[in-house]
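Visitor: Got a structure for you, questions after.
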Amino acid sequence: MLKTFSATDVGRKRQVNQDYVFTSETAVGNLPNLFIVADGMGGHNAGDFASSYTTEYVVREITSSDHTNPIRIIRSAIERANLALIEEAGKDIDKKGMGTTLVVATVIDDCLYVANVGDSRLYLVNEDIAQITRDHSLVEEMVLSGKINRDEARVHPDKNIITRAIGASTELKVDFFDMKLREGDEILMCTDGLSNMIDDNDIRMIMEREDDVAGQVKALIDAANENGGKDNIGVIVIRPFA
């Protein structure tokens, strides 16, 4: 039996919340559950529109999908949402250039399936913490090429430049991950408003000391705000074997 909790927070520096989360512990179409985190970008109200529109479009597509393979279900939904968001951007000059990150996850029995575009993240947390998704960002490319290390990446002035986003191009590349879950595993999905404000080990320690999923989410958001709250914060915590 899954236990989950989710929340978003505008943070301490932004006026508009462009983060959007969706959770369903019950079936959505042929998936037994569904979890989505999105971090919108764009001026005016374009960022919050992009994240909410994309998330809701993906949910509708998954709900109506006849496919049974989870990766195929999720891939098709994301690809269609991407084209729909590009079409929406073409209708309104204020929405031109809008886009959003997207992390989509589902737990089927003891397997986790994840799709990722952009720099929002999914972590697996137990006695350790492991980032499962890979950031599609300029700074991540610099880390992988050896130009900077992880500590430098956290404070790099270009850390918010992403290299992939929903709405950026009709040619969309989505990363997929799947893994076996074990007793004691917890899943954390978040936008960079959390991961840029708290290092991974502190995230793990905060989650370890809180008894329930609601307490974990609140404590993570509070810590991000205490450390500056420079961006919107979106968080989902999932306990697959609660």
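The values are calculated or read from the model by the stated rules, or taken from the named source; none is laboratory data. As the structure is a prediction and not an experimental result, all values here were calculated from the model. Note that each Cβ is placed from the backbone with ideal geometry, even for glycine, and that neighbours are counted across all protein chains shown.
Visitor: Every residue in segment 17-39 that is within 18 Å of the chain's Cα centre (by Cα), free of Cβ contacts under 8 Å to residues at least 60 places away in the same chain and outside any strand (DSSP E or B), please.
Guide: Answer for segment 17-39, where residues must be within 18 Å of the chain's Cα centre (by Cα), free of Cβ contacts under 8 Å to residues at least 60 places away in the same chain and outside any strand (DSSP E or B): just E25.
Visitor: To continue, here is another question. Where residues in segment 194-223 are more than 19 Å from I238 (Cβ to Cβ) and in contact (Cβ under 8 Å) with a residue 40 or more places away in the chain, which of them is surrounded by the fewest Cβ atoms within 10 Å (Cβ to Cβ)?
Guide: Looking at residues that are more than 19 Å from I238 (Cβ to Cβ) and in contact (Cβ under 8 Å) with a residue 40 or more places away in the chain, I get N201.
Visitor: Report yes if some residue within segment 83-95 is closer than 24 Å to I221 by Cα and either surrounded by fewer than 15 Cβ atoms within 10 Å (Cβ to Cβ) or of a type outside the set (V, I, T) (or both); otherwise report no.
Guide: Just the residues of segment 83-95 that are closer than 24 Å to I221 by Cα, to begin with: none.
Taking every residue of segment 83-95 in turn, none turns out to be closer than 24 Å to I221 by Cα and either surrounded by fewer than 15 Cβ atoms within 10 Å (Cβ to Cβ) or of a type outside the set (V, I, T) (or both).
Visitor: Would you please name the residue that is surrounded by the most Cβ atoms within 10 Å (Cβ to Cβ), looking only at residues in segment 46-66 that are part of a helix (DSSP H, G or I) and of a type in the set (S, T, N, Q)?
Guide: The qualifying residue surrounded by the most Cβ atoms within 10 Å (Cβ to Cβ) is S51.
Visitor: Condition first: under 17 Å from G228 (Cα atoms) and in contact with an Asp or Glu (Cβ under 8 Å, 6 or more places away or on another chain). Now tell me which residues in segment 196-212 satisfy that.
Guide: Across segment 196-212, the qualifying residues are N196, M197.
Visitor: Looking for something in contact with a strand residue (DSSP E or B) (Cβ under 6 Å, 6 or more places away or on another chain), closer than 24 Å to R204 by Cβ and surrounded by fewer than 18 Cβ atoms within 10 Å (Cβ to Cβ) - is there at least one such residue anywhere in segment 116-128?
Guide: For segment 116-128, residues in contact with a strand residue (DSSP E or B) (Cβ under 6 Å, 6 or more places away or on another chain), closer than 24 Å to R204 by Cβ and surrounded by fewer than 18 Cβ atoms within 10 Å (Cβ to Cβ): absent.
Visitor: Let me ask something else about it. List pairs: first residue in segment 137-165 and more than 22 Å from G42 (Cβ to Cβ), second residue assigned to a loop (DSSP other than H, G, I, E, B) anywhere in the structure, Cβ distance under 6 angstrom, at least six positions apart or on different chains.
Guide: M142/I148
Visitor: Here are some conditions: (1) closer than 30 Å to I198 by Cβ; (2) of a type in the set (G, A, S); (3) out of contact with any Phe, Trp or Tyr (no Cβ under 8 Å at 6 or more places or on another chain). S51 meets all but one. Which one does it not meet?
Guide: Status for S51: all satisfied but (3).
Visitor: Something else now. When you go through (1) assigned to a helix (DSSP H, G or I); (2) at pLDDT below 95 one by one for G43, which number turns out not to apply?
Guide: That leaves (1) as the condition not met.
Visitor: Hey, does segment 101-108 have a residue that's surrounded by fewer than 23 Cβ atoms within 10 Å (Cβ to Cβ) and in contact with an Asp or Glu (Cβ under 8 Å, 6 or more places away or on another chain)?
Guide: No.
Visitor: List the number of the failed condition for I93; all other conditions in (1) more than 19 Å from P240 (Cβ to Cβ); (2) among the β-branched types (V, I, T); (3) within 18 Å of the chain's Cα centre (by Cα) hold.
Guide: Evaluating I93 over (1) more than 19 Å from P240 (Cβ to Cβ); (2) among the β-branched types (V, I, T); (3) within 18 Å of the chain's Cα centre (by Cα) leaves (3) as the failure.
Visitor: Among residues belonging to segment 13-36 that are surrounded by fewer than 16 Cβ atoms within 10 Å (Cβ to Cβ) and at pLDDT below 95, point out the one that is nearest to G234 (Cα to Cα).
Guide: V16
Visitor: Here's a follow-up. So, in segment 75-113, exactly how many residues are over 17 Å from I36 (Cα atoms) and assigned to a loop (DSSP other than H, G, I, E, B)?
Guide: Within segment 75-113, residues that are over 17 Å from I36 (Cα atoms) and assigned to a loop (DSSP other than H, G, I, E, B) number 8.
Visitor: Another one. Just give me the residues in segment 198-237 being β-branched (V, I, T), in a helix (DSSP H, G or I) and closer than 19 Å to V37 by Cα, in sequence order.
Guide: Passing the criteria: I203, V213, V217, I221.
Visitor: Pairs, please: C-beta under 8 Å, at least 6 apart or cross-chain, first residue within 18 Å of V21 (Cβ to Cβ) and in contact (Cβ under 8 Å) with a residue 12 or more places away in the chain and in segment 40-67, second buried (at least 20 other Cβ atoms within 10 Å of the Cβ) and of a type in the set (K, R)?
Guide: Correct list of pairs: F49/K95; A50/K95.
Visitor: State all residues of segment 133-187 that are assigned to a helix (DSSP H, G or I) and either surrounded by 13 or more Cβ atoms within 10 Å (Cβ to Cβ) or of a type outside the set (D, E, K, R) (or both); if no residue qualifies, say none. Let's see the steps before the verdict.
Guide: Taking segment 133-187 as the starting set, the residues that turn out to be assigned to a helix (DSSP H, G or I) are 138-144, 150-155.
Correct list: L138, V139, E140, E141, M142, V143, L144, E152, A153, R154, V155.
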